[in-house]
Structures are given as C-alpha cells and as structure tokens.
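As structure tokens, the structure follows; a few thoughts come after it.
No value in this document is a laboratory result; all are computed from the given coordinates. Nothing here was measured: the structure is a model prediction, and the numbers come from that model. Neighbour counts run over all protein chains shown; Cβ positions are idealised from the backbone, glycine included.
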Amino acid sequence: MDFTFSEEQQAAAEAARGVFADVAPDAVPSPALTTGAVADEFDRALWARLADADLLSLLSAEEYGGAGLDAVALCLVLRESAKVLARVPLLESSAAMAAVQAYGGHELRAELLERAGRGEVVLTVASSGRTGHDPAELAVTARQEEGEGADWILDGVQTAVPWAYDADYVVVPAHTAADRTVLALLPRGHDGVALGEQFSTSGERLGELRLESARIAARDVIDVEGAWEWLRDLLTTGTCALALGLGERVLRMSSEYTSKREQFGFPVATFQAVAVQAADRYIDLRAMEVTLWQAAWRIASGARCTLPVAGDVAVAKIWASEGVRRVVQTAQHLHGGFGADVDYPLHRYHAWAKHLELSLGPAAAHEEALGDLLAAHSLG
C-alpha cells in the first residue's frame with residue numbers, strides 16, 4: 001500500500017487551497033449569537049469558485065466534464081475546506097454524483113452529472129435515518145407499482161438532512177419489501193415531499209424530510225445491490241476528512257496562541273503541561289490521518305483485503321469522532337478565556353466539531369461494529 005499522493009491528487013489539493021485562501025470562518029456569526037440559522041443558504045459565491053476550479057466534478061468521468069479522480073482526491077479537498085469551515089455542500093453533492101455515476105442509468109447520468117459539475121444543480125443525501133441513531137435505509141419504505149418501468153412510491157421520514165432547503169435533489173435510501181435498499185432522487189418541491197426546519201449544532205439549517213406517497217419515476221431510482229453501502233462509506237470517510245482538516249487547523253491555532261501568550265515572562269508553549277497536551281493531540285491527528293487514508297484508499301481502489309471496507313471505515317470513524325473532540329477541547333483549555341468567547345473563531349470550530357462528532361456517532365458503537373466484523377471473519 002502506497003500512501004504517496006499522485007500528481008493529480010496533489011493538484012486538486014493545491015487548487016482547493018487557492019479557492020479557500022480568502023474564506024474567513026469568523027465572518028459567519030457564531031450559533032450562540034443567532035436565533036436561527038447562521039445564514040439563509042450556503043455560500044453560493046464560494047460554490048461558483050469551486051465550479052470554476054473544476055472541484056465540483058472531481059469524481060466525474062471525463063465524458064461528463066470531470067477529472068475522473070477518486071475518493072482520496074475528494075478527501076484531500078474536503079480536508080482543506082474544513083480548515084476554513086467552508087459552508088458548501090461539497091461532500092454531499094460530490095458523493096451523490098459519484099453514486100449516480102457508478103450505479104445510475106445512462107439517462108440519469110446524462111441529466112445530472114455535467115450540470116452538477118458546473119454548479120448548476122446541487123445534490124444532497126439523507127443519511128441520518130428517522131432519529132439519527134437508526135439505519136438510514138430503514139426510515140423510508142419503497143414499493144414499485146406493477147409493470148415494467150413503473151413508478152416507485154415512497155413513505156417515511158428522514159431527519160437532519162443537510163442543505164435540504166438549498167439542494168435541487170435529495171438522494172434518499174429506502175428499503176423494499178424484498179429487503180433491498182434503493183436510492184431515490186427526489187427533486188425539490190416534489191409532490192408528497194415536505195420539509196420541517198431543523199438546526200445543527202454548527203448553526204446550519206437542516207431539514208426533516210417527510211414523504212407521504214411520494215411518486216418517483218423509475219429512471220430516478222437506483223435499484224442496484226451495494227449502491228447505498230458504497231455511498232454511505234464514501235459519505236462517512238468524507239466526514240472523517242472534514243474532522244481531520246478541522247482538527248489540524250485548531251491545533252495550529254493553539255500553537256500560534258500559546259507561542260504568543262506569556263506567563264511569568266515565558267510563552268506558555270514552553271511549559272511542559274502545555275507541550276504534553278499539544279503533543280497528545282498531534283498524535284490523535286496523525287492517527288486520524290492514517291486511518292482516513294486507509295479507508296479512502298479502500299473505497300478508491302476497490303482492493304480486496306482480509307476485512308470488508310466497512311472495517312476500515314469503522315476504524316476511521318473511531319479515531320475521527322474521538323479525536324476531533326479531544327483536539328477542540330484541548331484547544332479551548334489552552335486558549336483560556338478566549339476558548340469560551342463566542343466572538344473568537346475557535347467557538348465556531350468547536351460547534352462544527354461537535355456536529356461532526358454527532359454525525360459520525362459514538363466510538364463505542366463503531367468498536368462494536370468492528371468487533372462483529374472481526375468475529376464474523378474468524379468464524380468464516
């Protein structure tokens with residue numbers, strides 16, 4: 001296994017750094033200072049710049065105007081986006097596009113991929129289930145009417161759908177009576193689809209998606225085994241990349257602050273207790289990084305290993321959910337009063353970190369899932 005990034009992957013990361021260079025996280029109000037969403041919609045101007053830099057079509061094939069890159073390249077770009085808390089649906093739209101390309105029909109690919117790559121169409125994914133704790137594919141039922149190419153009927157509720165009020169399409173996993181999972185692309189304002197306003201810990205507006213006999217054309221439903229599992233793993237790995245980028249920026253903020261802040265005539269960074277805490281968080285970040293690239297490489301390469309890719313994704317989630325929390329908590333401690341100041345940028349990083357931690361779920365649950373995989377393998 002070679003973790004050296006290709007020239008194309010490094011070029012994508014460099015382009016992302018250029019686009020995000022002028023983004024200021026402290027320009028957006030802190031959630032503690034708002035009574036609703038921090039903004040009415042995502043950063044459309046930044047979205048347009050990402051499109052101009054061809055960063056919205058990283059995973060799309062050249063025939064659809066894309067770069068034909070992989071999950072590793074996407075995670076490199078997401079890592080850069082999290083360092084500035086970029087308010088764009090880059091992960092959700094990119095992952096949905098990749099699923100459409102890999103599993104969707106020709107008509108659906110031709111309809112969506114080029115337009116989405118140009119930033120004209122925005123996609124998101126409903127992946128939180130009914131409560132945020134249950135499998136997303138079980139929150140909605142899907143049944144196909146009789147006849148070849150007949151419409152599908154969807155019923156159910158998906159909670160905490162990111163960018164639901166801004167996206168043109170929401171990809172919804174749903175289970176059938178035959179215990180299969182399908183992916184339905186729901187257009188905004190579709191009959192039988194309603195949204196209820198929700199808010200994340202980062203202050204972003206989410207949507208509770210309510211489906212009541214929503215009729216979806218067959219061409220807009222992906223009924224391919226493994227499509228949802230692949231999309232779910234890509235979304236989760238991308239979230240781990242966001243956690244890594246955020247954590248790296250926060251540790252740098254801590255380093256810069258403690259190098260300037262003096263006590264007893266010396267920078268507090270020279271105190272052993274401060275240095276040890278910072279070193280522990282650096283170890284967390286390196287563990288987050290190596291487990292992230294392992295999971296992204298498995299998704300990108302499709303390599304067959306001892307355990308299924310779900311095992312590598314579980315390990316990445318364990319480190320990301322625990323690591324990002326520890327990094328931000330230590331940063332708040334080392335910043336003293338500034339760590340709790342809602343006017344200081346660190347407060348927004350803390351809010352985003354908590355949202356990412358909740359999105360990933362508790363490490364104990366992932367450890368249990370990993371244990372089940374290991375047990376199943378040993379019995380097999």
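Note on the chain: dipole from Cβ charges, positive end direction compared against Leu138, Trp230, Val23; the farthest Cα belongs to Val23. When the chain is described by a simple charge dipole with +1 on each Lys and Arg Cβ and -1 on each Asp and Glu Cβ, the residue from Ala53, Leu78, Gly245 located farthest towards its positive end is Gly245. Using a simple spin-label model with pseudo-atoms 7 Å out from Cα toward Cβ, Leu374 and Glu256 lie 4.0 nm apart.
Partners of Lys83 within straight-line reach, counting aspartates and glutamates whose Cα lies under 13 Å from its Cα and excluding those fewer than 8 residues away in the same chain: Asp22, Asp26, Glu248. As a rough guide to protection, the peptides 27-34, 157-164, 303-310 ranked by mean Cβ packing within 10 Å, highest first, stand as 157-164, 27-34, 303-310. For the pair Gln198 and Leu33, label points projected 7 Å from Cα toward Cβ lie 2.7 nm apart. Compared with the direct C-alpha span, the chain from Phe264 to Asp151 gains 33.4 nm at full extension, assuming 0.36 nm per residue. Segment His106..Phe271, full-extension length gain: 53.3 nm, with 0.36 nm per residue of separation and the alpha-carbon distance subtracted. Considering only beta bridges that DSSP places wholly inside the chain, some 90 percent are antiparallel. For the pair Asp26 and Ala61, a Förster radius of 41 Å applied to the C-beta separation gives a FRET efficiency near 0.60, rounded to the nearest 0.05.
Sorting Asp179, Asp233, Asp26 from the fewest to the most surrounding beta carbons within 10 angstrom yields Asp179, Asp26, Asp233. Of Lys354, Lys260, Lys317, Lys83, the sequence from fewest to most neighbouring Cβ atoms within 10 angstrom is Lys260, Lys354, Lys83, Lys317.
Averaging over all projection directions, the Cα-based convex hull of the chain occupies 19.9 nm² in the image plane. The alpha carbon centroids of the range 20-53 and the range 198-250 are separated by 19 Å. One chain, two ends: Arg180 and Val342. Fully extended at 0.36 nm per residue, the span grows by 53.7 nm beyond their Cα-Cα distance. Between Ala218 and Arg17, the simple label model (points 7 Å from Cα in the Cβ direction) yields a spacing of 5.1 nm.
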